[in-house]
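Values in this text are rule-based calculations from the coordinates and carry no lab data. Fair warning: this is a prediction, and the values are worked out from it, not measured in the lab. Glycine gets a Cβ as well: all are built from the backbone with ideal geometry, and neighbour counts include every protein chain shown.
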Amino acid sequence: MNDGYWRDEAACKDWGAIYAAAGGDPFFPDEARGDERARLVKIAKEICDTCPVWARCATARKRNDVGIWAGQEWTANPLNKHARSIRKEAA
Ligand code: SF4
């Protein structure tokens, strides 16, 4: 079974248009801070509120640890945060 098929029905499936209209990525606003981050997250949550596959997305979220999934914001778990810091130090 292709686990990704449900994404064809997702309210966020046209990510490119969403990105262009928002002026950034509402679903993964990693680089945004403060008011700009809040603005992007608000856009993502408003899109999620209209999504017909919200429940599937909430299940998929369990395999991912960052970003806006199913209308909720998830931050990196401590292990991934640690891994990111190691990568930055190595760069
Ligand atoms: S609930 Fe939100 S993040 Fe999940 S598929 Fe729908 S629009 Fe995308």
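Points worth noting:
- Between V53 and A11, the built amide H atoms are under 5 Å apart, and every one of these is 5 or more places off in sequence or on another chain.
- Site pair A58 and D35 shows an inter-label distance of 3.4 nm when each label is modelled 7 Å from Cα along Cα→Cβ.
- Sparsely packed loop sites in the stretch 18-53 (the trypsin sites (Lys or Arg not before Pro) outside DSSP H, G, I, E and B with at most 12 other Cβ atoms within 10 Å) comprise R33.
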